């Protein structure tokens, strides 16, 4: 622990004392090299870390990288696994108690006597199928997951820089750099690389497309009186593709509204409204129609992605009582502090079902996102700085981020329960909002001593957050990661 403390003291000293960090970020080569080096080292750190191998089928392949790919290449929607006769005879095959002694394919969607993969199809179309067509082999799921994790790290870094350059270009580089680190925390990348199964694949790929959509819309509107419609098209296409990774991300498109409102208003004034609407609507149509047809062929509903027919740990066919779980589930996701115990590693994962309905899944929460990125505490000053914002797009974004984040959290609780990795859907929204508020706080500080306090405070909050992430990820996961792979390090920290 002392080593970690010393490390952050050194980092803090460098950020505060070295001149290149005290200047605003202008994109000059030395500043770019620092950011690229950090991103590269962070990705490298995640890449050399061992991960658990998914076990869904015997051998190396699983229901996604093999069964779904085979189905796509054969022009089918169901996968080539035959359900057992015992499963077909069950009164309610979705009840895990009835399936207790029955052979079945776990975490597939079962409907009308066939198995389907309900996980989003977009990664399969863009990555897995092309790989199989080119090589004749099946791409391992953990490799594809790590690819999207790497792309997401780059995308979240670029997004943070774009927000900085758009509205806060006088803030010093050191504060920007600290929030780039915070962005890496808020993507739950450390958590989502300890196993890299297909669950993480669809989460992270969807997150990547949402980040890409926001980057493109920022690029489209970077000039005050000129809109780049090509970037608008790409922004809407990216947001639509996110839905094909994870359906709940349909809500993320609401984050485009402050930008689109301004774009449409300008188009109306410039008398090219029809052309602009085409560039906004067509990308959604291109993605939505195939997805709807795919859903209808499988589940007789254009809006059903298969979640209702999962063969999973709970019966998800009846969610009528799940609204009762929303308050506690949101508390767990957003505000729950780490659960403490008197022995190493002093924090434990909450798997308790207390306070939830019988059909609820609590897959394990170390703590709420507030404690995984303590800079989120800055959101309590939201209204104070919202009132000072003059830019209409930024004002709209500051409204959209918390609203979409809260609604997304509610939907995740209702549809999926509380599982730490699911927080990636909305975690980053609160982190970006907090970053904006901290930037405003720094910008409005009149004394240099106050600015120094803000930087040191943010550094301390990030340092504590990284420590909680380390304990939560490596010492409290369901498979005791550190003890299993690095017993010497485990026992070193134990003492």
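Some observations on this one:
- For the range 357-371, the set of residues classified as outside any loop (DSSP other than H, G, I, E, B) and modelled with pLDDT under 85 consists of 363, 364, listed by residue number.
- Each residue in the range 80-127 was checked for being in a loop (DSSP other than H, G, I, E, B) and either under 20 Å from residue 317 (Cβ atoms) or out of contact with any strand residue (DSSP E or B) (no Cβ under 6 Å at 6 or more places or on another chain) (or both), and 30 of them qualify.
- Yes/no for residue 361 being more than 30 Å from residue 438 (Cβ to Cβ) and either in contact (Cβ under 8 Å) with a residue 12 or more places away in the chain or surrounded by 13 or more Cβ atoms within 10 Å (Cβ to Cβ) (or both): yes
- The residue that is surrounded by the fewest Cβ atoms within 10 Å (Cβ to Cβ), counting only those in the range 280-297 that are over 26 Å from the mean Cα position of the chain (by Cα) and under 20 Å from residue 242 (Cα atoms), is 293.
- Top-ranked residue of the range 425-449 - restricted to ones that are without any contact (Cβ under 8 Å) to a residue 12 or more places away in the chain and outside any helix (DSSP H, G or I), ranked as nearest to residue 397 (Cα to Cα): 445
- Residue 277 vs. criteria assigned to a helix (DSSP H, G or I), surrounded by 14 or more Cβ atoms within 10 Å (Cβ to Cβ) and more than 27 Å from the chain's Cα centre (by Cα): yes
- Once the range 309-333 is narrowed to residues that are part of a helix (DSSP H, G or I) and without any contact (Cβ under 8 Å) to a residue 40 or more places away in the chain, the residue that is surrounded by the most Cβ atoms within 10 Å (Cβ to Cβ) is 328.
- Selection over the range 86-112 of residues that are touching a helix residue (DSSP H, G or I) at 6+ places or on another chain (Cβ under 6 Å) and more than 20 Å from residue 422 (Cβ to Cβ) gives a count of 5.
- Scanning the range 400-415 for residues that are surrounded by fewer than 23 Cβ atoms within 10 Å (Cβ to Cβ) and either closer than 13 Å to residue 379 by Cβ or free of Cβ contacts under 8 Å to residues at least 60 places away in the same chain (or both) gives 402, 403, 406.
- Residue 251 in contact with a helix residue (DSSP H, G or I) (Cβ under 8 Å, 6 or more places away or on another chain), more than 30 Å from residue 307 (Cα to Cα) and touching a residue at least 24 places away in the same chain (Cβ under 8 Å): no
The values are calculated or read from the model by the stated rules, or taken from the named source; none is laboratory data. Predicted model, so just to flag it, every value in this text is computed and none were measured. Glycine gets a Cβ as well: all are built from the backbone with ideal geometry, and neighbour counts include every protein chain shown.
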